[in-house]
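Q: Below are the structure tokens for one structure; questions will follow.
The values are calculated or read from the model by the stated rules, or taken from the named source; none is laboratory data. Computed from a prediction, not measured in an experiment: that's the story for all the values here. Glycine also receives a Cβ, built like all others from the backbone with ideal geometry; neighbour counts cover every protein chain displayed.
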Amino acid sequence: AQTVTQSQPEMSVQEAETVTLSCTYDTSESDYYLFWYKQPPSRQMILVIRQEAYKQQNATENRFSVNFQKAAKSFSLKISDSQLGDAAMYFCAYSGYSTLTFGKGTMLLVSP
Amino acid sequence: EAGVAQSPRYKIIEKRQSVAFWCNPISGHATLYWYQQILGQGPKLLIQFQNNGVVDDSQLPKDRFSAERLKGVDSTLKIQPAKLEDSAVYLCASSLLTSGGQNIQYFGAGTRLSVL
């Protein structure tokens with residue numbers, strides 16, 4: 001079975017600074033996708049960024065980028081120029097041939 | 001485009017009572033998911049429907065949980081009788097496709113259940 005591990009329960013960053021959230025996963029599948037989802041307090045979960053495992057190029061969406069290391073099974077999220085609205089729980093998730101498997105999440109705190 | 005709608009947003013019940021949650025997916029999405037998110041954890045899949053058929057219910061506690069998706073659109077998730085450990089946020093999600101990583105799931109705001 002696939003597992004997703006987020007080792008940072010909480011991270012803090014100041015506005016305009018850069019922060020990196022870590023994620024590792026375990027799988028025996030060769031073709032899969034990785035996701036980062038954002039869940040603001042009491043609001044719905046939204047997709048931040050997605051990476052296809054067969055693509056070597058790291059995905060980027062505006063201020064959000066990933067560092068995908070397939071051999072190390074590592075998938076970190078970098079948030080540049082952090083904003084107050086980035087404060088949320090961030091979940092790393094894996095999808096192979098079946099459904100999404102989520103990590104336990106990292107709470108991101110953003111201070112002015 | 002309207003998102004995934006869920007109701008109620010909050011529910012408080014006593015143990016051994018029954019409760020039902022409702023979900024309306026994004027129009028045209030064939031696949032619907034129910035997740036349980038216990039405080040401090042990531043969402044865990046309970047059941048997946050494609051249209052009105054069940055694709056995966058391997059993690060659904062079938063002795064107390066049931067779900068249906070009549071006519072392949074709306075869905076209800078029921079718990080009867082509820083236990084204290086059922087306190088969680090119940091998330092509904094929908095997607096166009098059935099499986100695979102290209103299958104982006106869109107989530108509702110969830111129903112927060114407290115069992116006293």
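Q: Would you confirm whether any residue within segment A:95-111 is surrounded by 15 or more Cβ atoms within 10 Å (Cβ to Cβ) and away from chain B (no Cβ under 12 Å)? Walk me through how you get there before you give the answer.
A: To start, the set of residues in segment A:95-111 that are surrounded by 15 or more Cβ atoms within 10 Å (Cβ to Cβ) comprises A:95-96, A:98-108, A:110.
Narrowing the set further to residues that are away from chain B (no Cβ under 12 Å) leaves A:108, A:110.
Yes, the conditions are met somewhere in segment A:95-111.
Q: Please note which strands (runs of 3 or more DSSP E) are completely contained in segment B:13-108 and include at least 1 residues that are in contact with a strand residue (DSSP E or B) (Cβ under 9 Å, 6 or more places away or on another chain) and under 30 Å from A:E52 (Cα atoms).
A: On the way: elements: B:19-24, B:31-37, B:44-50, B:53-56, B:65-68, B:75-79, B:88-95.
In segment B:13-108, B:19-24, B:31-37, B:44-50, B:53-56, B:88-95 are the strands (runs of 3 or more DSSP E) which contain 1 or more residues that are in contact with a strand residue (DSSP E or B) (Cβ under 9 Å, 6 or more places away or on another chain) and under 30 Å from A:E52 (Cα atoms).
Q: Which of the residues belonging to segment B:48-69 are within 11 Å of the chain's Cα centre (by Cα) and either among the small types (G, A, S) or more than 10 Å from chain A (Cβ to nearest Cβ) (or both)? Step through it out loud before you land on a result.
A: In the first step, residues of segment B:48-69 are kept if they are within 11 Å of the chain's Cα centre (by Cα); the result is B:48-49, B:60, B:65-69.
Correct list: B:F49, B:L60, B:F65, B:S66, B:A67, B:E68, B:R69.
Q: Could you please tell me which pairs satisfy a Cβ distance under 7 Å, a separation of 6+ or placement on different chains, a first residue in segment A:54-79 that is touching a residue at least 24 places away in the same chain (Cβ under 8 Å), and a second residue that is in a loop (DSSP other than H, G, I, E, B) and among the polar types (S, T, N, Q)?
A: A:V66/A:N58; A:N67/A:N58; A:F68/A:N58; A:S76/A:S22; A:K78/A:T18; A:I79/A:T18
Q: Looking at (1) basic (K, R); (2) within 14 Å of another protein chain (Cβ to nearest Cβ); (3) over 29 Å from A:I49 (Cβ atoms), find the lone condition where B:R112 falls short.
A: Condition not satisfied by B:R112: (3).
Q: Also, quick follow-up: Taking the condition of being more than 13 Å from every other protein chain (Cβ to nearest Cβ) and buried (at least 19 other Cβ atoms within 10 Å of the Cβ), how many residues in segment B:87-104 meet it? So that I can check it myself, show each step before the final result.
A: Within segment B:87-104, the first condition is being more than 13 Å from every other protein chain (Cβ to nearest Cβ), and the residues that meet it are B:87-88, B:96.
Next, from what is left, pick out any that are buried (at least 19 other Cβ atoms within 10 Å of the Cβ): B:88.
Qualifying residue count, segment B:87-104: 1.
Q: Got at least one residue in segment A:70-89 being within 11 Å of chain B (Cβ to nearest Cβ), within 29 Å of B:L46 (Cβ to Cβ) and not acidic (D, E)?
A: yes
Q: Scanning for something within 8 Å of chain B (Cβ to nearest Cβ) and among the hydroxyl-bearing types (S, T, Y), does segment A:45-54 turn up at least one residue?
A: No, the conditions are met nowhere in segment A:45-54.
Q: Within segment B:46-58, how many residues are buried (at least 16 other Cβ atoms within 10 Å of the Cβ) and either touching a residue at least 12 places away in the same chain (Cβ under 8 Å) or among the hydrophobic types (A, V, I, L, M, F, W, C) (or both)? Working first, answer last.
A: Of all residues in segment B:46-58, those buried (at least 16 other Cβ atoms within 10 Å of the Cβ) come to B:46-50, B:55-57.
Restricting the remaining residues to those that are either touching a residue at least 12 places away in the same chain (Cβ under 8 Å) or among the hydrophobic types (A, V, I, L, M, F, W, C) (or both) gives B:46-50, B:55.
So the count comes out to 6.
Q: Across segment A:12-68, what is the total count of residues that are more than 30 Å from B:P8 (Cβ to Cβ) and among the aromatic types (F, W, Y)?
A: If we filter segment A:12-68 for residues that are more than 30 Å from B:P8 (Cβ to Cβ), which is where we start, we get A:12-34, A:49-68.
Those left that are additionally among the aromatic types (F, W, Y): A:25, A:32-33, A:54, A:64, A:68.
Of the residues in that region, 6 qualify.
Q: Which residue, of B:P61, B:P43, is free of Cβ contacts under 8 Å to residues at least 12 places away in the same chain and within 24 Å of A:A1 (Cα to Cα)? Let's see the steps before the verdict.
A: Working: B:P43 fails: free of Cβ contacts under 8 Å to residues at least 12 places away in the same chain.
After applying the criteria, what remains is B:P61.
Q: Being crowded, with 17+ Cβ neighbours inside 10 Å, away from chain A (no Cβ under 14 Å), out of contact with any Asp or Glu (no Cβ under 7 Å at 6 or more places or on another chain) and not small (G, A, S) is the requirement here; does B:F107 meet it?
A: Numbers: crowded, with 17+ Cβ neighbours inside 10 Å: yes; away from chain A (no Cβ under 14 Å): no; out of contact with any Asp or Glu (no Cβ under 7 Å at 6 or more places or on another chain): yes; not small (G, A, S): yes.
Answer is no for this residue.
Q: Inspect all residues belonging to segment B:66-86 and state whether any of them is under 26 Å from A:C92 (Cα atoms), among the small types (G, A, S) and either surrounded by 14 or more Cβ atoms within 10 Å (Cβ to Cβ) or at pLDDT 95 or above (or both).
A: From segment B:66-86, those under 26 Å from A:C92 (Cα atoms) are B:77, B:85-86; that's our starting set.
Checking which are among the small types (G, A, S) leaves us with none.
No, segment B:66-86 contains no residue that is under 26 Å from A:C92 (Cα atoms), among the small types (G, A, S) and either surrounded by 14 or more Cβ atoms within 10 Å (Cβ to Cβ) or at pLDDT 95 or above (or both).
Q: Out of the residues in segment A:15-38 that are under 12 Å from the mean Cα position of the chain (by Cα) and within 12 Å of A:S80 (Cα to Cα), which is nearest to the other protein chains (Cβ to nearest Cβ)?
A: Looking at residues that are under 12 Å from the mean Cα position of the chain (by Cα) and within 12 Å of A:S80 (Cα to Cα), I get A:L21.
Q: Output the number of residues of segment A:30-64 satisfying the condition of being farther than 21 Å from B:G42 by Cβ and buried (at least 17 other Cβ atoms within 10 Å of the Cβ).
A: 0
Q: Give me the residue from segment A:1-20 that is of a type in the set (A, V, I, L, M, F, W, C) and within 22 Å of B:Q59 (Cα to Cα) and, out of that set, surrounded by the fewest Cβ atoms within 10 Å (Cβ to Cβ).
A: First, pick out the residues of segment A:1-20 that are of a type in the set (A, V, I, L, M, F, W, C): A:1, A:4, A:11, A:13, A:16, A:19.
Imposing the further condition that a residue be within 22 Å of B:Q59 (Cα to Cα) reduces the set to A:1, A:4.
Numbers: A:A1: 7, A:V4: 23.
Looking at residues that are of a type in the set (A, V, I, L, M, F, W, C) and within 22 Å of B:Q59 (Cα to Cα), I get A:A1.
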